[in-house]
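*Asks:* Before we start, here is the structure in question, set down as structure tokens.
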Amino acid sequence: MQDFILTDEQQDLVAFAKDFAEKELKPVVAECDRKGEFPMEVYKKFYEAGFSTMFVPEKYGGTGASSMDLVLINEQFAKVDAGFIVSATTAEFGVTPLRIAGTEEQVAYYMDRVMQGQLGAFCLTEPGAGSDAAATRTTAVRDGDDYIIDGRKCFITSGGIADMYTVFATLDRSKGAKGITCFLVEREREGVSVGKDEDKMGLRLSNTADVVFDNVRIPAKNRIGAEGEGFKIAMKSLDRSRGVNSYGCLGIAEHAIEEAVAYAKQRVTFGHPIIKNQGLQWMLADMQIQCTAARSLLYRCAEMIDKTGKYDTELGSITKTFVSDMCMKVTTDAVQILGGYGYSREYPVEKLMRDAKIFQIFEGTNQIQRMVIGGQMSR
Ligand SMILES: Cc1cc2nc3c(=O)[nH]c(=O)nc-3n(C[C@H](O)[C@H](O)[C@H](O)COP(=O)(O)OP(=O)(O)OC[C@H]3O[C@@H](n4cnc5c(N)ncnc54)[C@H](O)[C@@H]3O)c2cc1C
């Protein structure tokens with residue numbers, strides 16, 4: 001299908017990203033998926049080609065790409081492998097708290113390190129604090145002009161490969177959400193270490209790891225926003241990111257549809273290609289309908305950010321939920337269309353189904369999103 005809303009420049013960007021992803025990323029996907037490994041050599045080329053600094057505003061030396069441009073580029077990468085692009089773009093996710101509550105100096109410092117090819121990571125989740133993020137146990141204690149951070153974060157995307165962490169820690173557990181404060185912690189600080197690498201079902205090219213903070217001393221200038229504002233900053237950061245970050249689902253679903261159609265055209269049963277069966281055509285049609293509707297919602301979310309500079313909590317949650325549910329359904333149906341071969345690792349669709357699942361879980365599960373949407377509706 002043609003997408004007539006894209007400008008010539010955007011079509012060029014899409015072609016550039018598609019070409020790079022096909023040439024540089026595709027050849028390593030199967031092996032990295034088997035090993036559960038982030039392809040660092042491909043990331044280096046990705047950085048050299050300018051992709052990792054596209055989100056950085058021009059005043060800090062980046063391209064200053066719009067949300068829409070970033071969605072279009074990331075969608076092309078996700079079509080080849082969603083895990084790679086999710087991990088390769090965590091610098092943008094990690095800077096969100098600074099954009100919301102950081103000082104100009106803090107943002108400039110972070111962006112400068114991104115311009116040198118460094119990655120960031122967003123460290124909110126802990127073993128006992130996932131959906132219930134206010135249950136954070138990682139502590140921050142003020143000590144003169146410093147803070148001492150102590151605790152363990154888990155399931156951190158790019159946790160093992162990032163150079164900067166935005167970390168949420170509590171100054172006073174008795175205050176719950178109001179005790180949480182956000183900090184920027186550099187990887188090179190004494191006491192920072194990477195814990196276990198998560199051996200995941202899908203999205204295996206992304207790096208997911210525990211990050212441990214063992215009495216890490218950081219200067220007070222690394223505090224992002226005021227003491228006690230951390231929970232609000234975390235929620236606002238997720239509001240900003242979760243809608244547009246659904247690009248991963250779009251790429252996965254588009255890939256699954258292409259594979260399903262190609263297979264259905266060549267697989268013959270009862271003397272004719274299976275695509276000639278109306279039952280399968282309707283399945284494929286539903287997959288295409290859902291994917292096209294999801295794309296419109298996601299592009300709308302990105303356009304709204306570009307046109308108004310605003311992030312809508314409800315629209316972000318609706319987009320994240322709809323697009324990830326669509327992706328799970330479409331990839332499951334793609335496996336069905338390939339029959340037994342869909343279930344075999346020799347064909348790509350089982351991987352797409354494994355990759356799809358996480359999008360219903362991270363950045364707030366789809367149950368939590370429905371709570372957010374319902375909460376907004378009942379105000
Ligand atoms: C691959 C991967 C990458 C991740 N990346 C990051 C990252 O970069 N940074 C980060 O901070 N975190 C990250 N996470 C963590 C992720 O955001 C959490 O796993 C997620 O928010 C869910 O938390 P939980 O796993 O503790 O599940 P729980 O909160 O224990 O939830 C378990 C189940 O209960 C449901 N549930 C919980 N509370 C309610 C309720 N009130 N009503 C209805 N249902 C409820 C949930 O929907 C879920 O189905 C990542 C996780 C994974 C697996």
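*Asks:* Across the stretch 358-379, which residue is surrounded by the most Cβ atoms within 10 Å (Cβ to Cβ) among those that are within 26 Å of MET201 (Cα to Cα) and among the β-branched types (Val, Ile, Thr)?
*Replies:* My answer is ILE358.
*Asks:* Ok, one more. In the list VAL194, VAL212, which residue meets the criterion of being part of a strand (DSSP E or B), within 14 Å of the ligand (Cβ to nearest atom) and over 14 Å from LEU124 (Cβ atoms)?
*Replies:* Exactly one of VAL194, VAL212 is part of a strand (DSSP E or B), within 14 Å of the ligand (Cβ to nearest atom) and over 14 Å from LEU124 (Cβ atoms), namely VAL194.
*Asks:* Given (1) touching a strand residue (DSSP E or B) at 6+ places or on another chain (Cβ under 8 Å); (2) within 16 Å of the ligand (Cβ to nearest atom); (3) not in a strand (DSSP E or B), where does ILE252 come up short, assuming only one miss?
*Replies:* Of the numbered conditions (1) touching a strand residue (DSSP E or B) at 6+ places or on another chain (Cβ under 8 Å); (2) within 16 Å of the ligand (Cβ to nearest atom); (3) not in a strand (DSSP E or B), the odd one out for ILE252 is (1).
*Asks:* A follow-up question, please. Assuming ALA129 fulfils every condition listed in (1) over 22 Å from GLU37 (Cα atoms); (2) open to solvent by 10 Å² or more (accessible area, probe 1.4 Å) apart from one, which condition is it?
*Replies:* Result: ALA129 passes all but (2).
*Asks:* Can we say PHE77 is at pLDDT below 95, assigned to a helix (DSSP H, G or I) and out of contact with any Pro (no Cβ under 6 Å at 6 or more places or on another chain)?
*Replies:* no
*Asks:* Pairs under 6 Å by beta carbon, first residue outside any helix (DSSP H, G or I) in the stretch 11-37, partner open to solvent by less than 40 Å² (accessible area, probe 1.4 Å), six or more apart or different chains?
*Replies:* GLY36/ARG204
*Asks:* Going by the conditions given, is GLU92 in a helix (DSSP H, G or I) and modelled with pLDDT under 95? Steps first, please.
*Replies:* Values: in a helix (DSSP H, G or I): yes; modelled with pLDDT under 95: yes.
Spelling it out, GLU92 is indeed in a helix (DSSP H, G or I) and modelled with pLDDT under 95.
*Asks:* A further question follows. Can ALA134 be described as more than 26 Å from GLY50 (Cβ to Cβ), open to solvent by less than 40 Å² (accessible area, probe 1.4 Å) and in contact with a helix residue (DSSP H, G or I) (Cβ under 6 Å, 6 or more places away or on another chain)?
*Replies:* Here the answer is yes, as ALA134 does meet what is asked.
*Asks:* Looking at (1) on the phi > 0 side of the Ramachandran plot; (2) in a helix (DSSP H, G or I), which is the only condition ARG242 fails?
*Replies:* Unmet condition: (1).
*Asks:* Residues being of a type in the set (Gly, Ala, Ser) and without any contact (Cβ under 8 Å) to a residue 60 or more places away in the chain: count how many of those fall in the stretch 186-221.
*Replies:* Matching residues across the stretch 186-221 total 4.
*Asks:* Kindly check whether there is at least one residue in the stretch 223-236 that is closer than 27 Å to ALA108 by Cβ, in a loop (DSSP other than H, G, I, E, B), among the basic types (Lys, Arg) and away from the ligand (no atom under 14 Å from the Cβ).
*Replies:* First pass over the stretch 223-236, keeping only residues closer than 27 Å to ALA108 by Cβ: 223-236.
With the extra rule that they be in a loop (DSSP other than H, G, I, E, B), the set shrinks to 225-229.
Keeping just the survivors that are among the basic types (Lys, Arg) gives none.
No: zero hits.
*Asks:* Within the set of pairs 6 or more residues apart or between chains, which connect a residue that is closer than 20 Å to VAL185 by Cα inside the stretch 117-134 to a residue that is within 8 Å of the ligand (Cβ to nearest atom) and in a loop (DSSP other than H, G, I, E, B) with Cβ atoms less than 8 Å apart?
*Replies:* Here the result reads LEU119/SER158; GLY120/SER158; ALA121/SER158; ALA121/GLY159; CYS123/GLY159; ALA133/LEU124; ALA133/THR125, each pair linking the stretch 117-134 to a residue that is within 8 Å of the ligand (Cβ to nearest atom) and in a loop (DSSP other than H, G, I, E, B).
*Asks:* Out of (1) open to solvent by 10 Å² or more (accessible area, probe 1.4 Å); (2) in contact with a helix residue (DSSP H, G or I) (Cβ under 6 Å, 6 or more places away or on another chain), what's the single condition that is false for LEU119?
*Replies:* For LEU119, the failing item is (1).
*Asks:* Identify the residue in the stretch 199-224 that is open to solvent by 50 Å² or more (accessible area, probe 1.4 Å) and touching a strand residue (DSSP E or B) at 6+ places or on another chain (Cβ under 6 Å) and, among all such residues, is nearest to SER237 (Cα to Cα).
*Replies:* If we filter the stretch 199-224 for residues that are open to solvent by 50 Å² or more (accessible area, probe 1.4 Å), which is where we start, we get 199, 201, 214-215, 217, 221, 223.
Retained after the next criterion (residues that are touching a strand residue (DSSP E or B) at 6+ places or on another chain (Cβ under 6 Å)): 215, 217, 223.
Details: ASN215: 26, ARG217: 25, ARG223: 16 Å.
Step by step, filter the stretch 199-224, then rank; the result is ARG223.
The values are calculated or read from the model by the stated rules, or taken from the named source; none is laboratory data. If you're wondering where the values come from, they're calculated on a predicted model, not measured in any experiment. Neighbour counts are summed over all protein chains in view; Cβ atoms, including those assigned to glycine, are modelled from backbone coordinates with ideal geometry. With ligands, DNA and RNA removed, areas are computed over all heavy atoms of the protein, side chains included. Shrake-Rupley method; radii C 1.70, N 1.55, O 1.52, S 1.80 Å.
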